[in-house]
1. How far, in nm, would the chain grow between Arg308 and Thr143 when pulled straight, counting 0.36 nm per residue and subtracting the alpha carbon separation?
2. Rank Ala260, Ala14, Ala36 by mean-square fluctuation in a GNM of the chain with C-alpha springs under 10 angstrom and give only the top-ranked residue.
3. Separation between the Ala190 and His125 pseudo-spin-labels, each 7 Å from Cα along Cα→Cβ, expressed in nm?
4. Full extension from Asp207 to His114: what is 0.36 nm times the residue separation minus their Cα-Cα distance, to one decimal in nm?
5. 5 Å is the cut-off here: which amide hydrogens, built 1.01 Å from N in the peptide plane, fall below it relative to Arg144, excluding neighbours closer than 5 in sequence?
6. Place a point 7 Å from Cα of Asp230 in the direction of its Cβ. Which residues in the range 176-208 have their backbone N less than 19 Å from it?
7. Considering the chain as a Gaussian network with a 10 Å cut-off on Cα pairs, which listed residue, Arg308, Arg133, Arg33, attains the greatest mean-square fluctuation?
8. Read phi for every residue in the range 176-185 and hand back ³J(HN,Hα) as whole Hz from Karplus 6.51 cos²θ - 1.76 cosθ + 1.60, θ = phi - 60°, with x for Gly and Pro.
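Coordinate-derived values only; no laboratory data. All values reported here derive from a predicted model rather than from experimental measurement. With ideal geometry, Cβ positions are generated from the backbone for all residues, glycine too; neighbour counts draw on all protein chains shown.
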Amino acid sequence: MDVQSGPDAVEQAAQSFAAEVAYWRDVRGLSKRALARAMGFDPSYVSHIESGRHQPTEDFARRAEAALNAGKAIWRRWLDYDGARHRSRPQSVPASWRAAEQSASSGSALVVEHDEALLRFDQDHYRLVMRRRLRNTGSEPITRYLVRISVDRYPGEPERSNALYRAHPLTWDELNLTASCQGEPMCWQAQHDRDAFKEVWLRFANDDGRFPLYPQESTWIEYAYSVGADKWGPWFQRAVRLPTRHLAVRLDFPQPLDPAVWGTETSMTAEAAPLRTAPAGRTHDGRSIFDWSTDDPPLHARFRLEWRFRALRPPHSTKEAR
């Protein structure tokens, strides 16, 4: 098999490295600032690496691997990048292209007026439905919207998770990703495609035409995907990447599993702490439903809900007190 070389291969390897760092940072529930602090770097440095403004370095790769305990996944992406770099003549990405990509991906003109997630588990599959009301506060039409899909079956055991996804990667067929804008189907395009991490551009367009989000207008979008229980770990995280007015999450589990749910919050200035308000639980038609919401969450905050199914807990032995 031919080995890719040239500037395109270097750029692709750098993007893959950045995506791997972003994936593990999300899994660990860290902000860019918190990760930079853990690595001993300036607070903006992680952001520069993930956005492509700075190229990866060996020192950054080693520190990121250690800080995120990624089971050598980040280190392997560095080796891929380093190999591509040595096979290619150094050449920077044209400034005009980079500026256009950053403008398109930053989403700085977007405000999320309402964000709600419904995660439903039916014994063997999780189905996530995301609904967002987006408002364009800028001066140019918006034609696409970036979403992330990341999974980690065994939190705290990165080598075990990595081995699982290398052998059984997350595929587009099983995700069965669908998206719509106020009932209009949206086409989509993969930006990053890793074993356990995907980035996707949802486009305000389909085969019948285009429907960009114009300045000062709002619209509802909805997207959904499925993941098997063998690949989805017992957690769900919401990262606030755009100014958001209202954020809500609903977890919907079979009642016989006797689920217990809790959560943590991480911000730019604080480590993980318990959610300020607990998820509210109730039962309905044989389902255990947990609702949690917050208004005006801080930018870059991360809210992580976790659970365990007490009915599936293996019996544990008790030792006689002495």
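1. Values: separation 165, 0.36 × 165 = 59.40 nm, distance 3.97 nm.
Roughly 55.4 nm would be gained on extension.
2. For the chain, modelled as a Gaussian network with Cα springs under 10 Å, the answer is Ala260.
3. Distance between the two pseudo-spin positions: 2.0 nm.
4. Details: separation 93, 0.36 × 93 = 33.48 nm, distance 2.77 nm.
This chain segment gains 30.7 nm when fully extended.
5. Placed amide hydrogens put Phe204 under 5 Å from Arg144.
6. Under 19 Å, as judged by backbone N against the label point of Asp230, lie 176, 195-197 of the range 176-208.
7. Largest GNM mean-square fluctuation: Arg308.
8. Going residue by residue, I get 6, 5, 10, 8, 8, 10, 6, x, 7, x Hz, with x marking Gly and Pro.
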